1. From (1) within 10 Å of the ligand (Cβ to nearest atom); (2) crowded, with 23+ Cβ neighbours inside 10 Å; (3) not assigned by TED's automatic domain parsing to the domain that holds residue 293, pick out the condition that doesn't hold for residue 109.
2. Would you say residue 202 is more than 16 Å from the ligand (Cβ to nearest atom) and either within 19 Å of residue 171 (Cα to Cα) or not assigned by TED's automatic domain parsing to the domain that holds residue 296 (or both)?
3. Exactly one of these conditions fails for residue 307: (1) within 40 Å of the chain's Cα centre (by Cα); (2) surrounded by 14 or more Cβ atoms within 10 Å (Cβ to Cβ); (3) at pLDDT 90 or above. Give me its number.
4. Out of 120, 130, 137, 77, report the one residue that is more than 16 Å from the ligand (Cβ to nearest atom), modelled with pLDDT of 90 or more and farther than 30 Å from residue 269 by Cα.
5. Which one is modelled with the lowest pLDDT among residues in segment 241-262 that are assigned to a loop (DSSP other than H, G, I, E, B) and within 19 Å of residue 228 (Cβ to Cβ)?
6. Tell me, please, whether a residue that is away from the ligand (no atom under 12 Å from the Cβ) and at pLDDT 90 or above can be found in segment 65-72.
7. Just checking, how many residues over segment 11-39 are more than 10 Å from the ligand (Cβ to nearest atom) and touching a helix residue (DSSP H, G or I) at 6+ places or on another chain (Cβ under 8 Å)?
8. Only one of these conditions is not met by residue 187: (1) within 16 Å of the ligand (Cβ to nearest atom); (2) outside any loop (DSSP other than H, G, I, E, B). Which number is it?
Ligand SMILES: Nc1ncnc2c1ncn2[C@@H]1O[C@H](COP(=O)(O)OP(=O)(O)OP(=O)(O)O)[C@@H](O)[C@H]1O
């Protein structure tokens, strides 16, 4: 690498006159007050301050995660090598490791880094693997590389420190020029914390990276490592410049002497801590900073790196992204199969319950369940034996058909409505890191989640179809019945996706699902005959897809029936069974498209 290339990869991150104001019930609150500074390449910059001083807010501003809104106002200039940057630009060269480690618990440490590398590292698979191996080595994660991350559902997992390092590795693997970390040492013992910060320092020096982090109470060993320190009180700087002895000299000149045997960081935290005694000194700190350090910092900003930033923008193909997400989703199902198993068990139990309740009612086929497979194989056709024999039988049949429709819808609606919210944090984090397109995420997950929604209705149907004795006059009738079950299940999936992509948390999504389900059931054409609906409200029934499911399944059941009165006329079935299939397919595609757009529009910047 020549000198010019090396300098072009180095980024000085500067911020000038940054002010952040939020509107609260009590009035306007200043989170950051006209702060300016520089974080230099090949250095580690530590931001210290008491709780609530504005450290995280500053990192959010540097990474462009805070946007102007009705409640929040952000002013100031953020630049990388004198080029003003926005959220998208930052993601091309920078990475942000938030305080919470948002990782997918069913992945191993290596898989987690590999996922990020596959999607964001340029080159062939060998190069991607090499970067992963190097990152595992830098962060001392080799020993636990094949251990599952673990969490709520997958109990056995890596330790807190390994988790933190995996989180950092997930961002480092993409080789960012600027890496910003919010409290990377929280939850780590002092020695692990020291190892981590020294690795970050080595990384900054060896690879000319800009490393910025907030830290609460660094040990004296860690304190020695800081190249640059920023001290914040109430959203204002009281110090910015070299670490170690320089900072102690600065405060000593103001009459604040750190006792010889005390950890300098602890001493500084004690004089910054918000209490009445310290508060009297705040004006002195601010005034000294403004007169002694601010002009010097402004000069440093002016002298900062001016090279144009090399664009690292690299995106894998849409199909490759879908492949990677689908592969991960499949692994997720394999390693945490509880939802999949629950869906299958639910189908078997519900199939048996329905089969037993409606078992071989009056005049129905006497074919028993175990003959089912043979029945289908020999394409058995029966001559009208499955048609209703009485009004009572017809009512039973209608009830069964309607129940089957709403049951299938409900069985897939609920699990699918929590599918996006349960992974939302992971998605938001990865989306913020611009690992993939949100559309690829949607389709990658859909491809895998659709599988149980097809297997389950088939199982359900296989169990109850012949137990009950539905219309098996032709093979076409039998298959159409199964097609209806699958379409209902996919309808539930798409309705669930709508809820899950609008509502960001699991509880709200589950709570709102009856709002989707109940009107569908009421306007489905069974509980209330459509002819009896008031004319002003009748049009609404067309908006609820269960109407078409019931129409299709009933039209199939009563096809060529000789029964009088005609069940199709009594039910006022409006459409032919195939017309209903096309309408249902339209609904499913339409709802999936809407939910995809909702997911895209509902993204936010992680703070
Ligand atoms: N959206 C908001 N609305 C109102 N107040 C806010 C908002 N965001 C942050 N604050 C307040 O701004 C102050 C600074 O918050 P910030 O999270 O930056 O502090 P911090 O220094 O990182 O604290 P800690 O070390 O405890 O994480 C806090 O008093 C916080 O309550």
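The values are calculated or read from the model by the stated rules, or taken from the named source; none is laboratory data. Values in this document were obtained by computation on a predicted structure and should not be read as measured data. FYI the Cβ positions are ideal-geometry reconstructions off the backbone, even for glycines, and counts take in every protein chain you see.
1. (1)
2. The answer is yes for residue 202.
3. (3)
4. 130
5. Per the stated criteria, the residue is 244.
6. No, segment 65-72 contains no residue that is away from the ligand (no atom under 12 Å from the Cβ) and at pLDDT 90 or above.
7. 11
8. Every listed condition holds for residue 187 apart from (2).
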